[in-house]
């Protein structure tokens, strides 16, 4: 009887916790969308509350202020994005360096397509220096940059990736992969390309792989045989 009584007493608390988590999820989704469209300064907490369909005071109940809400929303989308890249990298451990990197690029493109708000927020915050940009750079962008540049340097040494500054190469790949989805409305108008279409997403991924990881191994072998001869 004691256990049953405790169970009944705990049910309202669990229901409240679930409602609280659902409210936080709604606020984070709405905040990310609003910040990606209007930037931090152009977004009000009242607008976020209206998008989320919740009462405005709930924002300060769950998040102290707009800055904290922005960080929570950005942190969540980056963690999801990085998890996809990490899974792709781990899944390709037994593949050749080129195949593994190609798989990561494809995962990057598809994840960017699924979450265009991420690169929109990056563009919004990159417009001018701020503490938010510094935080986003140190917390999320720089770790990805450092790991990717190290891998690209190894690929260049193996003749797999094009020569040149690996930092520049990484940013060219990153902007090509994510920037097109951030600019999807403009691209639809100027180029009649639908960047939400699966075929366009796959075509972009394959084009990036072919450009930045040219499959020229047969040519390299032929050149090596010529030098030996």
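The values are calculated or read from the model by the stated rules, or taken from the named source; none is laboratory data. Worth saying up front: this structure is predicted, and the values here are computed from it rather than measured. When we count neighbours, we look across all protein chains shown, and the Cβ atoms used for this are built from the backbone with ideal geometry, even at glycine.
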Taking region 197-215 and keeping only residues that are loosely packed, with under 13 Cβ neighbours inside 10 Å and either modelled with pLDDT under 95 or in contact with a strand residue (DSSP E or B) (Cβ under 7 Å, 6 or more places away or on another chain) (or both), one is left with 215
**OP:** Report whether or not residue 25 is assigned to a helix (DSSP H, G or I), modelled with pLDDT of 90 or more and over 20 Å from residue 126 (Cβ atoms).
**Re:** yes
Quick count over region 159-173, residues being under 20 Å from residue 112 (Cβ atoms), crowded, with 17+ Cβ neighbours inside 10 Å and free of Cβ contacts under 8 Å to residues at least 24 places away in the same chain, is 0
Reported set for region 181-191 where residues are free of Cβ contacts under 8 Å to residues at least 60 places away in the same chain and crowded, with 16+ Cβ neighbours inside 10 Å is 183, 187
Check: Any chance region 149-166 includes a residue that's closer than 16 Å to residue 82 by Cα and out of contact with any helix residue (DSSP H, G or I) (no Cβ under 7 Å at 6 or more places or on another chain)?
Finding: no
Of those in region 66-92 that are in contact with a helix residue (DSSP H, G or I) (Cβ under 8 Å, 6 or more places away or on another chain) and farther than 17 Å from residue 118 by Cα, the residue surrounded by the most Cβ atoms within 10 Å (Cβ to Cβ) is 88
### Task
Take residue 106 and decide whether it is in contact (Cβ under 8 Å) with a residue 60 or more places away in the chain, in the same structural domain as residue 204 (by TED's automatic domain parsing), more than 16 Å from residue 36 (Cβ to Cβ) and assigned to a helix (DSSP H, G or I).
yes
